[in-house]
Amino acid sequence: MDLILQPWPWYVGGLFIAATLILLLFMGKTFGFSSNLRTMCSMLGAGKTCDFFCFNWKAQTWNLLFLVGTIAGGFIAYHFLSVEPAVVPLGENTVQKLNKLGIESAGQAYIPTELFGSEAFGSLKTIGLLLLAGFFVGFGSRYAGGCTSGHAISGLSNLQLPSLIAVIGFFIGGLIMVHVLFPLIF
């Protein structure tokens, strides 16, 4: 049990991801989580009003099971296989910069409680930012033809040029957000 409860090296996760992608390659399938939203909308009858949702959603039920397994696995790992609350190790310079931006929980919590804790929902600014960010993520994943997991993991492993372009765009957008927009917002 000690082996399961301890953090694993990055390369163990990499081997699991590689094995999964090799299996998907042999089965002729690719995965991404944002495609599950299209599948769920199609299951609920959205194909009657929009041609985009008119496809054989039953062929994508395996991807829905992958999504459910990921959520269940994360829940089990956090609630039953964690010895103590997980904290992402951050460099002292990063912690100081985040503290200057008003994020005091940097280096002490897994996610910034100022943004994602229950007290964050008391601020209209934070609620507005989260809704706007959710819109941009949804719009961006649809516009790019997939999400970060679909392009960066599945698309790049299949050597797809559109996925390379999308991942480069994700990184540029992330850098602009962190270094330009984030300091302006906070």
>> Please compute the Kirkwood hydrodynamic radius over the chain, one decimal place, Å, based on all pairs of different Cα atoms.
In response: 19.5 Å
> So what is the accessible area of the chain per residue, in Å², with the probe set to 1.4 Å?
Replying inline: 73 Å²
> What residues have an amide H closer than 5 Å to that of Gln108, excluding those fewer than 5 places away on the same chain, when H is modeled at 1.01 Å from N in the peptide plane?
Replying inline: none
>> Just want to confirm a number: the relative contact order over the chain, from Cα pairs under 8 angstrom separated by 6+ residues, in percent.
In response: 22 percent
>> Charges on Cβ only, +1 for Lys and Arg, -1 for Asp and Glu, centred on the Cα centroid of the chain; of Leu25, Asn99, Thr126, which one is farthest towards the dipole's positive end?
In response: Leu25
> For region 24-39, what does the Karplus curve 6.51 cos²θ - 1.76 cosθ + 1.60, with θ = phi - 60°, yield as ³J(HN,Hα) per residue in whole Hz, taken in order and with x for Gly and Pro?
Replying inline: 5, 4, 5, 8, x, 10, 10, 10, x, 7, 5, 5, 5, 5, 4, 4
>> Taking 22 Å as R0, compute the FRET efficiency from the Cβ-Cβ separation of Val88 and Trp10 and round it to 0.05.
In response: 0.95
> Using a cut-off of 28 Å between alpha-carbon atoms, which lysines can reach Lys100, once sequence neighbours fewer than 8 places away in the same chain are excluded?
Replying inline: Lys125
>> Within region 112-152, what whole-number % of the accessible surface is contributed by carbon and sulfur, with the 1.4 Å probe and all protein chains included in the calculation?
In response: 75 percent
> Looking at region 59-111, which chymotrypsin sites (Phe, Trp or Tyr not before Pro) are in a loop (DSSP not H, G, I, E or B) and have at most 16 other Cβ atoms within 10 Å?
Replying inline: Tyr110
> Just how far, in whole angstrom, is region 9-46 from region 126-173 if you go by their alpha carbon centroids?
Replying inline: 15 Å
> Quick one: ranking His179, His151 by accessible area, 1.4 Å probe, largest first, what do you get?
Replying inline: His179, His151
>> Can you tell me which lysines have their Cα less than 20 Å from the Cα of Lys58? Leave out same-chain residues fewer than eight positions away.
In response: Lys29, Lys48
>> Let's test the formula: R0 of 35 Å, r as the Cβ-Cβ distance of His79 and Asn56. What FRET efficiency results, to the nearest 0.05?
In response: 0.45
> Considering only protein heavy atoms, what is the solvent-accessible area of Met43 at a probe of 1.4 Å, reported in Å² to the nearest 10?
Replying inline: 90 Å²
>> I'd like the GluC sites (Glu not before Pro) in region 69-153 restricted to DSSP loop residues with at most 14 other Cβ atoms within 10 Å, sorted by number.
In response: Glu104
> Roughly how big is the chain's charge dipole about its Cα centre, with Cβ charges of +1 (Lys, Arg) and -1 (Asp, Glu), in debye to the nearest 20?
Replying inline: 660 debye
> Going from most exposed to least, what order do Cys54, Cys41, Cys147 have by accessible area with a 1.4 Å probe?
Replying inline: Cys54, Cys41, Cys147
> Using θ = phi - 60° and the Karplus form 6.51 cos²θ - 1.76 cosθ + 1.60, what ³J(HN,Hα) does each residue of region 13-21 get, whole Hz, x for Gly and Pro?
Replying inline: x, x, 5, 5, 5, 4, 5, 5, 5
> What ³J(HN,Hα) values, in whole Hz, does the Karplus curve 6.51 cos²θ - 1.76 cosθ + 1.60 give for region 171-184 when θ = phi - 60°, with x put for Gly and Pro?
Replying inline: 5, 5, x, x, 5, 5, 4, 5, 8, 10, 6, 4, x, 6
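The values are calculated or read from the model by the stated rules, or taken from the named source; none is laboratory data. Being a predicted model, the structure only gives us computed values, none of them experimental. Don't worry about glycine lacking a Cβ; one is built from the backbone with ideal geometry, like all the others, and counts go over all protein chains shown. Each accessible area value is taken on the protein alone, full model and side chains, heavy atoms only, with ligands, DNA and RNA left out. Shrake-Rupley method; radii C 1.70, N 1.55, O 1.52, S 1.80 Å.
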